[in-house]
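Working notes, beginning with the structure itself.
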Amino acid sequence: MSPKSPTAEATRRAERLRQELAEHAYRYFVLDAPSIPDAQYDRMMRELEGLESEHPQLVTPDSPTQRVGARAPEGFSEVRHEVPMLSLGNAFTREEVADFVRRIEKRLEVSDPEFAVEPKLDGLAVSLRYEEGLLVRGATRGDGAVGEDVTANLRTIAAIPLRLRGEDAPALLEVRGEVYMPREAFEAFNAAARERGEKPLANPRNGAAGSLRQLDPKVTARRPLGFFAYGTGVAAEGALTDRHSTTMTGLRDWGFPVCPESDCVRGLQGLLEYFDRVGERRDALPYEIDGVVYKLDRYGQQQEMGFVSRAPRWALAHKYPAHEETTVVQGIEVQIGRTGAVTPVARLAPVPVAGVTVTNATLHNADQVERLDVRVGDTVVVRRAGDVIPEVVGVVMERRPPRAVPWRMPAQCPVCGAEVVREPGEVVARCSGGLFCAAQRMEAVRHFASRRAMDIEGLGERIVADLVDLGYVETVADLYTLDVAALQEMRRRAHERDGTVPETLKSGKVASKWAENLVAAIDATRKVRLERLLYALGILQIGEETAKALARAFGDLETIRRIDAMLLLAVPDVGPKVADSIARFFAQPHNQDVIDVLLARGIVVDGNDPDPALAAQFGVAFLLSAAKRLGAPLDGAGETSLQRLGDGFDSLDALAAAGPEALAAAGLSAVAGSSLSGLLADATWSARLRASEAAMRAIAARAGRATPETAPLRGRTFVLTGTLAQMTRDQARERIEALGGKVAGSVSKKTDHVVAGESAGSKLDRARELGVDVLDEAAFLRLLADHAHG
Ligand code: IVH
């Protein structure tokens, strides 16, 4: 049967979906201000896929369904760049930058010229060619003159538009920019690779390069790559403006992400200030940069400056200190983590890496040590980037001393002496001592107190170690019984144990201030936001983001600590593995006891109403499909038939009462019908399902009561820029989110307020340009106070 030709309505609908999906991708990737939830995007995508598979005539090359294409038959073909892709001269010192500016000032006879300034992303340069608005080819830089055709791989990168946006898109345009692997994606990729026992990537740059070199675009598509535009190649007459900065604004409007840290400055001082400003934020950026790039903004001036060999005289890369250095391994020890994980750590000859002296670097696990074949005495490459713990990424084999011996995982925990076990199929070896192991207890307390968890000021590593070691704290709940006298006694005993004499004793003063401060700091954490407490409990697999998602979804601890893993699956980004881990944590009486004691000792958990979007998913279909994802035997029942079942029955009772005919009438196959009846008759599953159904109803009832007053900033988008005096940006974000608002990374027309602190930069300019409301810190604090709960 040949495919039906599409109706006019189907054609219109497909066209409409493509447009809307492109617009949402633009809002997501370029403006960083998504206006619909991911789930809705996915639904539209599925609808388009459905239409296109029914009527293949409707497929267009720029359809978002066409990102992943066929495998390249044999390697990549060559592409000659019409306009060569240049390289950049490097500067490592301020003097070299001063020379660069001086040369420009002299030749152009100007002072303090205008520069467009951008981070230098550490990824891979590519050139994207658009003809009549459509992406027709994408190529790597290669040697600058000839690169490789990697179109199929570049098409899989969602941040790269398949069609230029807008009416005024030029007939021909080449856009140049950097494909990069976001730091988080890089970390996740490596964690997964290590878990599978595969070789991890040495750095995000290799991640991006390796991904583009895949012969199968399906593989590239699974790598979360990003793209930032930073220039152009050939372009139709009149397509570009007379400046780099305004051309970049134009590229944004045509749908290309441009790095939000880009700016315009004047003269040497402007460049150096920018270098410092971005340098301070370097570690906090979600992608890796190895410097900043300075470009004369006016194309006319660029032309006057011209080139030397293949680098322009009008641009310069100013590099930050490297993220990688070499040093010598003085020893390999193991650390015991909160969950008993035994992590080998290399003790290193101190070496400065990107501005910080590194003395330890993680080796992750025994497999990794074996893969790298790191031995004591080896010279190794150490890498430190962002907030990530420094790690050993390789051994310089030529410099291995004779007689260096391979490393072996100890058989016993060095802290508690319990056996170190490695379950079959597991990468991580664990100390089997459990809470008997002081190291594990200590890590649990340390995590609980840490800045992003309960944030107990003054409860540092030393004090935690002594509290646990001397028996003052067994579980985190014991922190809330500490008083000044106990802390002083503990310190005295610690000194006795160590045979040291405290400074203050020598001078005759009684040291109590620190103890008073610590007791006050602990006391100050008695009222705590739900997500912080959830994170602080140290549940395996629960990072800050998941803790936030759980809190936003359910709103109170009592629900979260009692419900079945099934309902946890309703939370965005929580899959069966995470749901299981949470449920397993709360299934342990010991953990529930700790929570009870915390509450009894005066911890007050500040929650919220459940998210109505969560309750909207609930129903019979949700329950059954969640149970299935958790391993319930539901053979033959696919997603669609469960969905249809949910439309037909509004409770488990109704479902249980339905005979085989009713189930068949609802579209269930005989096999599925009987496996469903079996499931409902199974005592364990049936109890879990019914308990979950009741919990679902209770949550839905609470969600129904949610009023706009409970989230006074709901629907409002904020952008933070500059430095605030009263709080950090993280704290400002938290306050906004707690009131239901959203914080976006860049300013667009959809931004409601820009909060501008000291020395706010380009985001403030953009806000003024767009007429977005700008709040100074005082006005922001007033707004928070006006909307604060209670
Ligand atoms: S401009 C004429 N801008 O640096 C200038 N390059 O050494 C051509 N890079 O291969 C490049 N971020 O991979 C430019 N904001 C940026 C950049 C950047 C990273 C890389 C790019 C290029 C290399 C030049």
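The values are calculated or read from the model by the stated rules, or taken from the named source; none is laboratory data. This one's a predicted model, so the numbers in the text were calculated from it and none came from an experiment. Backbone-built Cβ (ideal geometry, glycine too); neighbour counts: all protein chains shown. For accessibility, only protein heavy atoms count, side chains too; no ligands or nucleic acids. Shrake-Rupley method; radii C 1.70, N 1.55, O 1.52, S 1.80 Å.
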Do you know which of the residues in segment 74-95 that are over 19 Å from ALA311 (Cβ atoms) and not in a loop (DSSP other than H, G, I, E, B) is farthest from the ligand (Cβ to nearest atom)? ARG94
Got a number for residues in segment 147-181 being in contact with an Asp or Glu (Cβ under 8 Å, 6 or more places away or on another chain) and open to solvent by 30 Å² or more (accessible area, probe 1.4 Å)? 7
Residue selected from segment 145-170 under the condition part of a loop (DSSP other than H, G, I, E, B) and small (Gly, Ala, Ser), by the criterion nearest to ASP290 (Cα to Cα): ALA159
Those residues of segment 731-772 which are over 25 Å from VAL258 (Cβ atoms) and out of contact with any strand residue (DSSP E or B) (no Cβ under 8 Å at 6 or more places or on another chain), in sequence order: GLN731, ARG735, LEU739, GLY740
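Under the condition of being open to solvent by 50 Å² or more (accessible area, probe 1.4 Å) and either under 25 Å from ALA193 (Cβ atoms) or within 32 Å of the chain's Cα centre (by Cα) (or both), which residue from segment 429-441 is modelled with the lowest pLDDT?
LEU435
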By residue number, the members of segment 234-244 that are open to solvent by less than 30 Å² (accessible area, probe 1.4 Å) and within 15 Å of the ligand (Cβ to nearest atom) are VAL234, HIS244
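Restrict the check to segment 111-123 and report whether at least one residue is open to solvent by 20 Å² or more (accessible area, probe 1.4 Å) and within 9 Å of the ligand (Cβ to nearest atom).
There is at least one residue in segment 111-123 that is open to solvent by 20 Å² or more (accessible area, probe 1.4 Å) and within 9 Å of the ligand (Cβ to nearest atom).
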Looking at segment 237-263 only, could you name the residues that are under 21 Å from GLN301 (Cα atoms), assigned to a loop (DSSP other than H, G, I, E, B) and hydrophobic (A, V, I, L, M, F, W, C)? ALA239, LEU240
Which condition does VAL374 not pass, out of (1) open to solvent by less than 10 Å² (accessible area, probe 1.4 Å); (2) within 16 Å of the ligand (Cβ to nearest atom), if it passes all the others? (2)
Given the conditions (1) more than 23 Å from LEU739 (Cα to Cα); (2) open to solvent by 30 Å² or more (accessible area, probe 1.4 Å); (3) not hydrophobic (A, V, I, L, M, F, W, C), which single one is not true for SER625? (2)
Looking at ASP387, is it more than 30 Å from ASP112 (Cα to Cα), modelled with pLDDT of 95 or more and acidic (Asp, Glu)? no
Only residues that are among the small types (Gly, Ala, Ser) and farther than 19 Å from LYS749 by Cα: list them for segment 20-60, please. ALA39, GLY50, SER53
Just one of the numbered conditions (1) among the aliphatic types (A, V, I, L, M); (2) surrounded by 18 or more Cβ atoms within 10 Å (Cβ to Cβ); (3) more than 13 Å from the ligand (Cβ to nearest atom) is not true of ILE289; which one? (3)
Complete set of residues in segment 3-31 that are surrounded by fewer than 17 Cβ atoms within 10 Å (Cβ to Cβ) and more than 12 Å from ARG165 (Cα to Cα): PRO3, LYS4, SER5, THR7, ALA8, GLU9, THR11, ARG12, ARG13, GLU15, ARG16
Give the residues of segment 118-132 that are touching a residue at least 60 places away in the same chain (Cβ under 8 Å) and farther than 14 Å from TYR180 by Cβ, sorted by residue number. SER127, ARG129
What number goes with the only condition from (1) buried (at least 18 other Cβ atoms within 10 Å of the Cβ); (2) in contact with an Asp or Glu (Cβ under 8 Å, 6 or more places away or on another chain) that GLY300 does not pass? (1)
Which residues, taken from segment 217-233, are crowded, with 20+ Cβ neighbours inside 10 Å and within 11 Å of the ligand (Cβ to nearest atom)? PHE228, ALA229, TYR230, GLY231, THR232
Is it fair to say VAL136 is open to solvent by less than 60 Å² (accessible area, probe 1.4 Å) and part of a strand (DSSP E or B)? no
So GLU105 passes all but one of these: (1) within 16 Å of the ligand (Cβ to nearest atom); (2) surrounded by fewer than 21 Cβ atoms within 10 Å (Cβ to Cβ). Which condition number does it fail? (1)
May I ask you to list the residues in segment 336-372 that are under 22 Å from ALA465 (Cα atoms) and either without any contact (Cβ under 8 Å) to a residue 12 or more places away in the chain or β-branched (Val, Ile, Thr) (or both)? ILE336, THR339, VAL342, THR343, VAL345, THR359, THR362
